[in-house]
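Chemist: Right, I'll just put the structure down here and ask away after.
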Amino acid sequence: EGNKKGSRGALVVLEGLDRSGKSSQCTRLVNYLEGQRISAELWRFPDRNTDVGKMISAYLTNTSQLDDHTIHLLFSANRWEKRLLMETKLKSGTTLVVDRYSYSGVAFSSAKGLDIEWCKASEVGLLAPDLVAYLDISPEKAAERGGYGGERYEKLEFQKKVAESYKAIHDVSWKFVDAFQPIEDVEKQLQEIVIDCVTECQKGKKPLSLLWS
Ligand code: 2DT
Ligand code: MG
């Protein structure tokens with residue numbers, strides 16, 4: 001792994017509304033990749049373990065109040081502080097399966113009314129994913145699954161705005177997966193999409209690129 005020139009791991013991002021199944025699918029995907037003898041790690045943003053992540057967590061649990069721009073920049077900072085490690089891991093041949101990334105950053109902040117271009121600016125220069133898989137489910141169906149916690153943003157009305165934001169920022173490279181299917185069907189589709197991407201990156205002909213492109 002990672003010894004052939006240019007060979008590297010893939011940066012795979014799962015996006016979607018709350019309760020779309022991202023976290024379960026990320027876990028299943030990493031297990032699958034490991035079963036295929038592919039070195040893989042599960043990452044998630046926000047990473048609540050860092051100092052910045054603790055500020056984010058306090059905001060999400062309504063323990064602290066922050067200006068919309070301020071929290072947006074903290075979410076970005078939380079990715080910037082992980083950027084170097086991310087690059088090191090990818091170059092050493094490890095595939096990263098990431099539960100939310102810059103797209104959540106832009107979708108959630110712009111759903112609050114912030115300008116999309118302003119939201120993107122703090123993400124420019126972060127590593128661009130090799131694949132974005134969007135777990136597609138309507139806000140209503142996601143809400144019916146229950147299990148919204150008490151966190152900020154976990155409300156149907158706001159999730160509807162986030163769904164609109166995702167529609168505004170997605171591009172043709174995104175893979176949309178119907179997330180209302182049985183969990184095993186979603187899992188199978190993701191495996192097929194992801195294995196191709198991992199194989200391409202292993203071949204070493206696809207250099208890492210940067211957001212926002
Ligand atoms: P989780 O429920 O996945 O822990 O996310 N969010 C996330 C943002 O507003 N901006 C970001 O950059 C990221 C990564 C989405 C907690 C909430 O944080 C939102 C839901
Ligand atoms: Mg959540």
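Chemist: Here are some residues: Ser57, Ser20, Ser39. Which one is touching a strand residue (DSSP E or B) at 6+ places or on another chain (Cβ under 7 Å), of a type in the set (Gly, Ala, Ser) and surrounded by fewer than 19 Cβ atoms within 10 Å (Cβ to Cβ)?
Modeler: Numbers: Ser57 fails: touching a strand residue (DSSP E or B) at 6+ places or on another chain (Cβ under 7 Å); Ser20 fails: surrounded by fewer than 19 Cβ atoms within 10 Å (Cβ to Cβ).
It is Ser39.
Chemist: Please state which one of Glu144, Glu192 is charged (D, E, K, R) and under 30 Å from Leu90 (Cβ atoms). Walk me through how you get there before you give the answer.
Modeler: On the way: Glu144 fails: under 30 Å from Leu90 (Cβ atoms).
Answer to the selection: Glu192.
Chemist: For Glu1, are the conditions met, namely being part of a loop (DSSP other than H, G, I, E, B) and either of a type in the set (D, E, K, R) or at pLDDT below 95 (or both)?
Modeler: Answer is yes for this residue.
Chemist: Another question, then. Collect the residues in region 1-29 that are of a type outside the set (Lys, Arg) and more than 14 Å from the chain's Cα centre (by Cα), keeping them in residue-number order. Give the steps one after another, and end with the answer.
Modeler: Let us first name the residues in region 1-29 that are of a type outside the set (Lys, Arg), namely 1-3, 6-7, 9-18, 20-21, 23-27, 29.
Glu1, Gly2, Asn3, Gly6, Ser7, Gly9 - these are the residues of region 1-29 that are of a type outside the set (Lys, Arg) and more than 14 Å from the chain's Cα centre (by Cα).
Chemist: Can you name the residue in region 99-130 that is more than 15 Å from ligand 1 (Cβ to nearest atom) and in contact (Cβ under 8 Å) with a residue 60 or more places away in the chain and, of all such residues, is farthest from Ala10 (Cα to Cα)?
Modeler: Residue satisfying both the conditions and the ranking: Gly125.
Chemist: Among the residues of region 149-161, are any away from ligand 1 (no atom under 14 Å from the Cβ) and in contact with a strand residue (DSSP E or B) (Cβ under 7 Å, 6 or more places away or on another chain)?
Modeler: No - not one qualifying residue is present in region 149-161.
Chemist: A follow-up question, please. Applying the selection to region 69-98, what residues are touching a residue at least 40 places away in the same chain (Cβ under 8 Å) and either part of a loop (DSSP other than H, G, I, E, B) or loosely packed, with under 14 Cβ neighbours inside 10 Å (or both)?
Modeler: Selection gives Arg83, Ser92, Gly93, Thr94.
Chemist: Are there any pairs, at least 6 apart or on different chains, whose C-beta atoms fall under 9 Å, with the first in region 173-187 and in contact (Cβ under 8 Å) with a residue 60 or more places away in the chain and the second basic (Lys, Arg) and in a helix (DSSP H, G or I), and if so, which?
Modeler: Ala179/Lys22; Ala179/Lys141; Ile183/Arg28; Val186/Arg28; Glu187/Arg28
Chemist: Just one of the numbered conditions (1) out of contact with any strand residue (DSSP E or B) (no Cβ under 9 Å at 6 or more places or on another chain); (2) more than 16 Å from ligand 2 (Cβ to nearest atom) is not true of Thr63; which one?
Modeler: Answer for Thr63: the failing condition is (2).
Chemist: Could you please find all residues in region 66-98 being farther than 20 Å from Tyr166 by Cα and within 8 Å of ligand 1 (Cβ to nearest atom)?
Modeler: Within region 66-98, Asn78 is the sole residue that qualifies.
The values are calculated or read from the model by the stated rules, or taken from the named source; none is laboratory data. What you see is a predicted model; the values in this text were computed from it and never measured. Every residue, glycine as well, gets a Cβ built from its backbone with ideal geometry; the counts of neighbours run over all protein chains shown.
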